[in-house]
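Comments concern the structure below.
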Amino acid sequence: MIKIGGVSLDVSHPLGFCEELEKYCMDMKYEYVAKASDFRQECEVDWFVKRFNLAGKVDKIEDMVDKVDVSFIQSCNWDKHLEQAMPFIKAGKPVFIDKPVIGNLKDAETLKKLVDDGAYIIGSSSARHADEIQAFLKKPVEERGEILSIFGTCGVDEFNYSIHIVEIFAEIAGCKAVSCSYNGKCVASDGKHVESYTIKFENGIIATYNTFIGGWRPFHLTIMTTKGSYQIAVDSSKIYVALLRELYRELTYKKSNLASIDDLINCSLIMLCGKKSRDELNGKEVSLNEVTYNDKFDGYEFEKNYGANASIIYKD
């Protein structure tokens, strides 16, 4: 049994992950949890411990390092991810960092150095492992054709959730992105709006996504190849178990389809290119080498807003 140390109940992922682990009788289990934020109530932590039969909760992350096999860092504030992961990294324990892994260039460089120095850090959007995406990629190129362009939709916010569609694009393209440009937006009467971005990849594939700001939208994709067009609707109810299976394979056999940390970093940085294109350059295409330490998605501001609007989700 792989014992998981959960860091933070900020988001719904620990709940969803535990339900999937239970449903599919997977040989992994949350063993301890640290609340690690101010806006989740203590009764929610206690409910989580009781509902999923954890061994207990801890006040400090360090207190569970020796009691678990792997840590799942699932704070909504990506600017805290590396700090929260360090006790496990120092102990030589594997760490899974939920999406988005980082939100600025400094953390990207720190994360890369940690991995280069031997830290065992894994992560991913669950959406890139969706059955529908993997089924398409398993089709022989001779059958499906060479990929030329991708279009996709998503929603909720500009980074925390939209990272899903960017990681899907990276999975399909099979290489790193090199630039991103902001195409514009359409605003509704209630202030909700759609933003559009175009990403270019090393192999020439272009990928455009429209994200609905202020509400959830499903992942719908159109992939154009030299032999036709393919429409994909991702079943979001199955993506958690798809990711968990890859995590189990990685932690048990060191063989999985998980993206490399370099690839995950690339996805976050390319979204910073899009932000810079939108906020500073009136839609001009921005390359990775133009990202500076001043460019960032503010995890603390996101946490503040997320917490202010958070309802109690860890309950019967």
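The values are calculated or read from the model by the stated rules, or taken from the named source; none is laboratory data. Because the structure is a prediction, the values reported are computed rather than measured. Every residue, glycine as well, gets a Cβ built from its backbone with ideal geometry; the counts of neighbours run over all protein chains shown.
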So, first residue over 23 Å from residue 162 (Cα atoms) in segment 73-89, second residue among the charged types (D, E, K, R), Cβ within less than 8 Å, six or more apart or across chains; the pairs are 87/62
The number of residues in segment 140-156 that are surrounded by 16 or more Cβ atoms within 10 Å (Cβ to Cβ) and either part of a loop (DSSP other than H, G, I, E, B) or among the aliphatic types (A, V, I, L, M) (or both) is 4
For residue 137, the lone unmet condition from (1) of a type in the set (A, V, I, L, M); (2) touching a residue at least 60 places away in the same chain (Cβ under 8 Å); (3) surrounded by fewer than 18 Cβ atoms within 10 Å (Cβ to Cβ) is (2)
ask   = Any chance segment 104-118 includes a residue that's assigned to a loop (DSSP other than H, G, I, E, B) and in contact (Cβ under 8 Å) with a residue 24 or more places away in the chain?
value = no
What do you reckon, is residue 240 part of a strand (DSSP E or B) and either surrounded by 15 or more Cβ atoms within 10 Å (Cβ to Cβ) or of a type in the set (Val, Ile, Thr) (or both)? no
Expected single match for surrounded by 13 or more Cβ atoms within 10 Å (Cβ to Cβ) and touching a helix residue (DSSP H, G or I) at 6+ places or on another chain (Cβ under 8 Å) among 261, 312, 213 is 261
Meets criteria (modelled with pLDDT of 95 or more and in a loop (DSSP other than H, G, I, E, B)) for residue 183:
no
Result of the Cβ filter at 6 Å on segment 190-205, keeping first residues that are surrounded by fewer than 13 Cβ atoms within 10 Å (Cβ to Cβ) and partners that are part of a strand (DSSP E or B) and not basic (Lys, Arg), at least 6 apart or interchain, is 202/178
Being surrounded by fewer than 16 Cβ atoms within 10 Å (Cβ to Cβ) and aromatic (Phe, Trp, Tyr) narrows 230, 300, 248 down to just 300
The residue from 61, 122 that alone is farther than 21 Å from residue 257 by Cα, in contact with a strand residue (DSSP E or B) (Cβ under 8 Å, 6 or more places away or on another chain) and touching a residue at least 12 places away in the same chain (Cβ under 8 Å) is 61
For residue 120, the lone unmet condition from (1) over 26 Å from residue 161 (Cα atoms); (2) surrounded by fewer than 19 Cβ atoms within 10 Å (Cβ to Cβ) is (1)
